[in-house]
Amino acid sequence: MRLESLFRVVDRLAGGRDRNHRVPGASHSAARRGLAIVAAILVICTLLGAGTVVAVFWLHLTGHAVTLPVWIRGLVILAITASLFYFLWRAWLGWYWAFRRLQLFTRIFPAVALALSAIPGFFPVWMIVEQFVFAALLIVAAVLLSTTAMRQAFPKPDRASRRRRVAHPGTPG
């Protein structure tokens, strides 16, 4: 498949040392349910992000002052959810690295959203509320991705199966 070779290039860039490790993943029924719920959460986050961009655009058209951070944050939410959909899809196919990235970013993005919300005067109140909702949704996704069933469906590769690095002559290790 032609597109799959393109996706594998992206996988090589994003996957790190575990980019070739594949696991049963979504073949486990509990993992399939968990990933389906995470997908629903990401759809809600996407709708929230799209609504934010529409609201910002409408405010701008009606003559309200819209700051650059508000524009950027609205567009960043859409970009964030797009990347999470990619990771979700690749995890569904059993790519361990994608599952780990999904876990990582569902933990980091809420922290960033909450930290930005804590800066006085940086965002209007309505956007702070939007960021709290966005963060709460991603925290729920992070909790789902941390369950025992998910960890069992996406087992960490053992050291022997990881790609070994060959030491160059004259270098330690």
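Is there a residue in segment 122-136 that is hydrophobic (A, V, I, L, M, F, W, C), under 17 Å from residue 32 (Cβ atoms) and open to solvent by less than 10 Å² (accessible area, probe 1.4 Å)? Break it down stepwise before answering.
Taking segment 122-136 first, the residues hydrophobic (A, V, I, L, M, F, W, C) are 122-123, 125-129, 132-136.
Those still in the list that are under 17 Å from residue 32 (Cβ atoms) too: none.
Checked against the condition, which is being hydrophobic (A, V, I, L, M, F, W, C), under 17 Å from residue 32 (Cβ atoms) and open to solvent by less than 10 Å² (accessible area, probe 1.4 Å), segment 122-136 yields no hits at all.
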> Among the listed residues 65, 82, 91, which satisfies the condition of being buried (at least 17 other Cβ atoms within 10 Å of the Cβ) and over 13 Å from residue 131 (Cα atoms)?
Replying inline: 91
> When only residues in segment 1-46 that are outside any helix (DSSP H, G or I) and open to solvent by less than 80 Å² (accessible area, probe 1.4 Å) count, which is modelled with the highest pLDDT?
Replying inline: 28
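The values are calculated or read from the model by the stated rules, or taken from the named source; none is laboratory data. All values reported here derive from a predicted model rather than from experimental measurement. Backbone-built Cβ (ideal geometry, glycine too); neighbour counts: all protein chains shown. Note: accessible area is taken over every heavy atom of the protein model, side chains too, but ligands, DNA and RNA are not part of it. Shrake-Rupley method; radii C 1.70, N 1.55, O 1.52, S 1.80 Å.
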